[in-house]
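The values are calculated or read from the model by the stated rules, or taken from the named source; none is laboratory data. On a predicted model such as this, the values are computed, not experimentally measured, just so you know. Quick reminder, even Gly has a Cβ in these numbers, built from the backbone with ideal geometry, and neighbours come from all protein chains shown.
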Amino acid sequence: MADAEAAQLLPGHLSSRAARAIRPALSYFKAFLEAQSRQWSPEDPDGNIILSVAENRLTADMVRDRLAQSAADFPPSALSYADMRGLPRLRRVLAEMLEETFMRGISVDPDHLTVSAGAGAVLENLFHCIAGPGDVVLIPAPYYPAFDNDLQVKCAVQPWPFHLDEDRPVGPQLDAAAAAAMAAMTAGLPPTTPTPTSTSPDAGACNGSDGASNGASIGQQPDQHHQQQQAPQPPQHPSQQPPGRRVSAVLFTNPNNPLGTRYREETVLELMRWCLGRGVHLVSDEIYGNSVFGPGATFISAEVLARGEQAAALPRSHLLPELLHVVWGLSKDLCASGLRCGCLHTRNGALRQALDNLGYFCALPNPTQWALIHALEDREWRAAFLRTNRERMREAYGKLEASLDAAGIPHVRADSAMFCWVDLRCWLPERSWEGEAALWAALCGECGVLLTPGEQCHAAEPGFFRVCWAWVPPDALPEAVRRLSRRFGRGGKVPAEAGAAAAEAGAAAEAGAAAEV
């Protein structure tokens, strides 16, 4: 339904912009609210287990205790207007924190940071400045479900999901996605739901020798059907495209939501190469940059790569300061989504000037900034928190992974963020998005386990679900898996067409076509 048509149906004589805003941001939010009325606890082991909230509660006790020491300790000036891009002292300590963690090895200028009331506000203001209404933003899928709302509800920017295979050349995949997006936008068509296609040798099998899958066995492939309909053609340079009919940016989350993995450094460099060649912005959402828990796993920011020798050798690398933007914040890494502290790092001076104005509408309250200043300037506490949080995340994920392995449920092995991408295709009543919705309803209604449906993440096919495992006590995770196994069994009957697709995918995998996420 067009915005104008939707507006005619709204009460209160609202505008077409309100037609976008009045739609629910997430389809499963109502179920989340209902499930909260009775949550799992040791005292109520039959309560609902909510695994759909991208929030870390595991180490919130340390944050709460530390903030309690400084929450009331702010100067009289905190009650007056201040820098709308964040207090200089807060930006200094955030820059210091970045230099000590995933931006280690480079100098972070505090003036290159803009603080806003949450990463969602950061994204909204950023895309307000770098994309026009109707412009397309390419996003590797599966991706964070709320990106659609973040980009569309006020900026009217069109997110375009595509499935990126890191084992294949990145540039041609971006060309294909851009060409498909432009063809659809020109024809007035919205993004299509990817055609279901199996991409795994063991697709549809929840048990067996490969039951605990790694990324290679249940990876996402590009939407082949869509690409066959529109032959890939290199997109025009943005300057040659009319407003509202161009690709303005590529947006990706690293570490990844919902996969819980990290992109390869060479993939990020190839994203830079493609964007530089077309004058397209590259937005690296690094909101989970300090939530890496896997043994030996490390994360390096795109900003660090952008200042390295390999990036310097890219054609038109002098444009990187204008085109690369890093989104971060304290909601996930500091277990503090309620504090609404988002942060943008950009070396683009014109963009920062625009944010000086836009910051007025979403500035972080000064008392909150001062509480964060006092907590984060305590280096000893900061280091202890990051260390303890990694340990608790590793322990919680370990409980989930062990339970999934024992139950024979395939999943992407995670090492970062707070997600696990599980493959429940064997339990689909039918191989369709309607079948996924029916399975999701059964998981909620019969098992009391609330997951994020894969369709909301733009999964390549039905049957995948996101598990947000850091929102509940770790002991609830094995119980959630036990409930699923009791209801559906260790394995499940595979729909006939899914079994046929699995055989085709097995042959493709042997030919080297299987993706690794």
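The set of residues from segment 96-115 being closer than 27 Å to residue 157 by Cβ, touching a Leu at 6+ places or on another chain (Cβ under 7 Å) and of a type outside the set (Val, Ile, Thr) comprises just one member, 113. Highlighted here are the helices (runs of 4 or more DSSP H) found entirely within segment 426-517 that include at least 3 residues which are modelled with pLDDT of 90 or more, surrounded by fewer than 18 Cβ atoms within 10 Å (Cβ to Cβ) and not assigned by TED's automatic domain parsing to the domain that holds residue 160: 433-445, 476-488.
Only residues that are farther than 20 Å from residue 334 by Cβ, surrounded by 14 or more Cβ atoms within 10 Å (Cβ to Cβ) and of a type in the set (Ser, Thr, Tyr) were counted in segment 104-119, giving 0.
Listed here are the residues, each with its yes/no results for (1) out of contact with any Leu (no Cβ under 8 Å at 6 or more places or on another chain); (2) not in a loop (DSSP other than H, G, I, E, B).
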| site | (1), (2) |
| --- | --- |
| 94 | no, yes |
| 121 | yes, yes |
| 139 | no, yes |
| 144 | yes, no |
| 151 | no, yes |
| 156 | yes, no |
| 168 | yes, no |
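Condition check: surrounded by 15 or more Cβ atoms within 10 Å (Cβ to Cβ) and touching a residue at least 24 places away in the same chain (Cβ under 8 Å). Does residue 18 satisfy that? Here the answer is no, as residue 18 does not meet what is asked.
Among all residues of segment 91-102, there is none that is outside the structural domain of residue 54 (by TED's automatic domain parsing), of a type outside the set (A, V, I, L, M, F, W, C), touching a residue at least 60 places away in the same chain (Cβ under 8 Å) and over 27 Å from residue 293 (Cα atoms). It is to be established whether one or more residues within segment 320-339 are among the aliphatic types (A, V, I, L, M), more than 21 Å from the chain's Cα centre (by Cα) and more than 28 Å from residue 72 (Cα to Cα). Yes: segment 320-339 contains one or more residues that are among the aliphatic types (A, V, I, L, M), more than 21 Å from the chain's Cα centre (by Cα) and more than 28 Å from residue 72 (Cα to Cα). Going by what's in this entry, would residue 130 be described as buried (at least 18 other Cβ atoms within 10 Å of the Cβ) and touching a His at 6+ places or on another chain (Cβ under 7 Å)? Taking the combined requirement at face value, the residue satisfies it.
Taking residue 53, is it of a type outside the set (Ser, Thr, Tyr), surrounded by 22 or more Cβ atoms within 10 Å (Cβ to Cβ) and outside any helix (DSSP H, G or I)? No, not satisfied. Just one of (1) at negative phi; (2) not in a helix (DSSP H, G or I) fails for residue 394. It is (2). Per the conditions (1) assigned to a helix (DSSP H, G or I); (2) modelled with pLDDT of 95 or more, the sole criterion not satisfied by residue 328 is (1).
Of all residues in segment 64-83 being in a loop (DSSP other than H, G, I, E, B) and at pLDDT below 90, which is farthest from residue 441 (Cα to Cα)? Out of the qualifying residues, it is 75. Each residue in segment 37-63 was checked for being modelled with pLDDT under 95 and either among the basic types (Lys, Arg) or on the phi > 0 side of the Ramachandran plot (or both), and 1 pass. When restricted to residues that are over 20 Å from the mean Cα position of the chain (by Cα) and in a loop (DSSP other than H, G, I, E, B), segment 281-319 contains 8. Inside segment 157-178, residues that are surrounded by fewer than 19 Cβ atoms within 10 Å (Cβ to Cβ) and within 14 Å of residue 248 (Cα to Cα) make up a count of 1.
For first residues located in segment 57-70 and farther than 13 Å from residue 333 by Cβ and in contact (Cβ under 8 Å) with a residue 40 or more places away in the chain, partners that are polar (S, T, N, Q) and in a helix (DSSP H, G or I) and lie 6+ apart or on another chain with Cβ distances below 9 Å do not occur. Which one is nearest to residue 333 (Cα to Cα) among residues in segment 14-50 that are in contact with a Leu (Cβ under 8 Å, 6 or more places away or on another chain) and outside any helix (DSSP H, G or I)? Among those that are in contact with a Leu (Cβ under 8 Å, 6 or more places away or on another chain) and outside any helix (DSSP H, G or I), it is 50.
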